[in-house]
Amino acid sequence: MLDLQHLKIQHKGLIEKYIPRQCSKMCDFSFGNLYAWSAAEHTEFAEKDGFLYLRSTFNGVTSYAVPWGNGDIHKALAEVQKDAVEREADLSFYCVAEEQLPVLKSFFGDKLVVKEQRDYFDYVYLRENLATLKGRKFHSKRNHVNSFCKKYNYVYEELSENNLRECLDFSHSWHIQGESTQRLEAERQVIDKAFRNFTKLGLSGALLRVDGQIVAYAMGEPMIDGETYCVHFEKASPSYPQAYAAINKLFAENSLKNYKYINREDDAGVEGLRKAKTSYQPEILVKKYYAKII
């Protein structure tokens, strides 16, 4: 049985050392995301014989990531299979990259059942597009941002130890105003964890103030591919609906100049979110699959 343990801040370097190229743009496997969601998703890991193993529970289903490492992948998959048997658990894999499917197929053969998870595809954009909103396809987005900037006396401000507490209070108020759901409550706890460990996780972000009051913020972290930044959380006051467009553009324009791509995560199958994220013309959709052994 794998010697699984809970994620801690000090595991950041170890985890990032193993993240494979195929998963380097997936929001799910950035360390900040893994750590912040680790309690909600019961994420555990083990390191053995040159491979890293991840096991998480999502939507009530406990699954493994395809093992990360440079050795014999079939031997590593056999280790996962053995672990599932010894735990008397079903065997399945989450957040499988398209390039990883042939490996699973070669080991499990006809026992492998694969399902595309469209609701969890990541939306990845060219930073330049989000920062400039040039061209006819972004005409309405420019109008929203210009309207916000002209209408309000706003200030753009980087997140720092000086304003984290105030920004977290704003985030709490955002959750209180919305309809209470289990997912939103889990997200609130995840955001709290991210704010508490902001510096240690290497997170960054920015906020917008109108007349001194916070009306929107964005927060995320660099991905290990060195060219992508992942925005984990983005919230705006319902009283300032155009603030979403404004923080999205201004964050890309002012704080993310060193990146080629911006990952704004998935839409979770929410129709409104899918429409909004599609309207920003993603450059890449990072595909994810769920694979179960029957």
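The values are calculated or read from the model by the stated rules, or taken from the named source; none is laboratory data. These numbers come from a predicted model, not from an experiment. Cβ atoms come from the backbone with ideal geometry, glycine included; neighbour counts cover every protein chain shown.
I need the strands (runs of 3 or more DSSP E) fully contained in region 173-240, keeping only those with at least 2 residues that are within 14 Å of the chain's Cα centre (by Cα). If you could, list the steps in order and put the result at the bottom.
On the way: elements: 204-210, 213-222, 228-236.
Ranges flagged: 213-222, 228-236.
For residue 71, indicate whether it is more than 18 Å from the chain's Cα centre (by Cα), within 29 Å of residue 183 (Cα to Cα) and among the small types (Gly, Ala, Ser).
no
Taking interchain pairs and intrachain pairs at least six residues apart, which have beta carbon atoms under 6 angstrom, with the first residue in region 134-145 and of a type outside the set (Ser, Thr, Tyr) and the second in a helix (DSSP H, G or I) and at pLDDT 95 or above?
141/245; 144/245; 145/245; 145/246; 145/249
Yes or no, residue by residue, for (1) assigned by TED's automatic domain parsing to the domain that holds residue 196; (2) surrounded by 13 or more Cβ atoms within 10 Å (Cβ to Cβ); (3) of a type in the set (Ser, Thr, Tyr); (4) more than 23 Å from residue 286 (Cα to Cα):
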residue: 107; (1), (2), (3), (4): no, yes, no, yes
residue: 115; (1), (2), (3), (4): no, no, no, no
residue: 131; (1), (2), (3), (4): yes, yes, no, no
residue: 135; (1), (2), (3), (4): yes, no, no, yes
residue: 138; (1), (2), (3), (4): yes, yes, no, no
residue: 142; (1), (2), (3), (4): yes, yes, no, yes
residue: 146; (1), (2), (3), (4): yes, yes, no, yes
residue: 152; (1), (2), (3), (4): yes, yes, yes, yes
residue: 158; (1), (2), (3), (4): yes, yes, no, yes
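What helices (runs of 4 or more DSSP H), lying completely within region 1-89, carry at least 2 residues that are of a type in the set (Val, Ile, Thr) and buried (at least 20 other Cβ atoms within 10 Å of the Cβ)? Give the steps one after another, and end with the answer.
Working: elements: 12-18, 31-37, 73-86.
So the answer is none; nothing clears 2.
Name the single residue, out of those in region 243-289 being basic (Lys, Arg) and over 30 Å from residue 102 (Cβ atoms), that is surrounded by the most Cβ atoms within 10 Å (Cβ to Cβ). Reasoning before the result, please.
The first filter runs over region 243-289 and keeps only residues basic (Lys, Arg), leaving 249, 257, 260, 264, 274-275, 277, 287-288.
Keeping just the survivors that are over 30 Å from residue 102 (Cβ atoms) gives 249, 257, 275.
On the way: 249: 22, 257: 10, 275: 10.
Of everything passing the filter in region 243-289, 249 is surrounded by the most Cβ atoms within 10 Å (Cβ to Cβ).
What pairs come up if the first residue lies in region 213-241 and is in the same structural domain as residue 259 (by TED's automatic domain parsing) and under 18 Å from residue 36 (Cα atoms), the second is buried (at least 23 other Cβ atoms within 10 Å of the Cβ) and at pLDDT below 95, and their beta carbons are under 8 Å apart, counting only those six or more places apart or on different chains?
That search, which allows pairs on different chains as well, returns nothing.
Name, by its number, the condition in (1) surrounded by 15 or more Cβ atoms within 10 Å (Cβ to Cβ); (2) in contact with a strand residue (DSSP E or B) (Cβ under 7 Å, 6 or more places away or on another chain); (3) farther than 28 Å from residue 28 by Cβ that does not hold for residue 125.
The failed condition is (3).
Please give the strands (runs of 3 or more DSSP E) falling wholly within region 248-293 in which 1 or more residues are within 14 Å of residue 228 (Cβ to Cβ). Even if it seems obvious, please write down each step before you answer.
On the way: elements: 261-263, 284-286, 289-293.
Ranges flagged: 261-263, 284-286.
Kindly indicate whether residue 96 is closer than 19 Å to residue 268 by Cα, among the β-branched types (Val, Ile, Thr), out of contact with any Gly (no Cβ under 8 Å at 6 or more places or on another chain) and modelled with pLDDT of 95 or more.
Details: closer than 19 Å to residue 268 by Cα: yes; among the β-branched types (Val, Ile, Thr): yes; out of contact with any Gly (no Cβ under 8 Å at 6 or more places or on another chain): yes; modelled with pLDDT of 95 or more: yes.
When the stated conditions are applied, residue 96 passes them.
Would you confirm, using the coordinates I've provided, whether residue 160 is touching a strand residue (DSSP E or B) at 6+ places or on another chain (Cβ under 7 Å) and of a type outside the set (A, V, I, L, M, F, W, C)? Can you show your working first?
Values: touching a strand residue (DSSP E or B) at 6+ places or on another chain (Cβ under 7 Å): no; of a type outside the set (A, V, I, L, M, F, W, C): yes.
Considered against the rule, which asks whether it is touching a strand residue (DSSP E or B) at 6+ places or on another chain (Cβ under 7 Å) and of a type outside the set (A, V, I, L, M, F, W, C), residue 160 comes out as no.
Run residue 76 past the list (1) touching a helix residue (DSSP H, G or I) at 6+ places or on another chain (Cβ under 7 Å); (2) aliphatic (A, V, I, L, M); (3) over 16 Å from residue 6 (Cβ atoms) and report the number of the one that doesn't hold.
Residue 76 satisfies all of (1) touching a helix residue (DSSP H, G or I) at 6+ places or on another chain (Cβ under 7 Å); (2) aliphatic (A, V, I, L, M); (3) over 16 Å from residue 6 (Cβ atoms) except (1).
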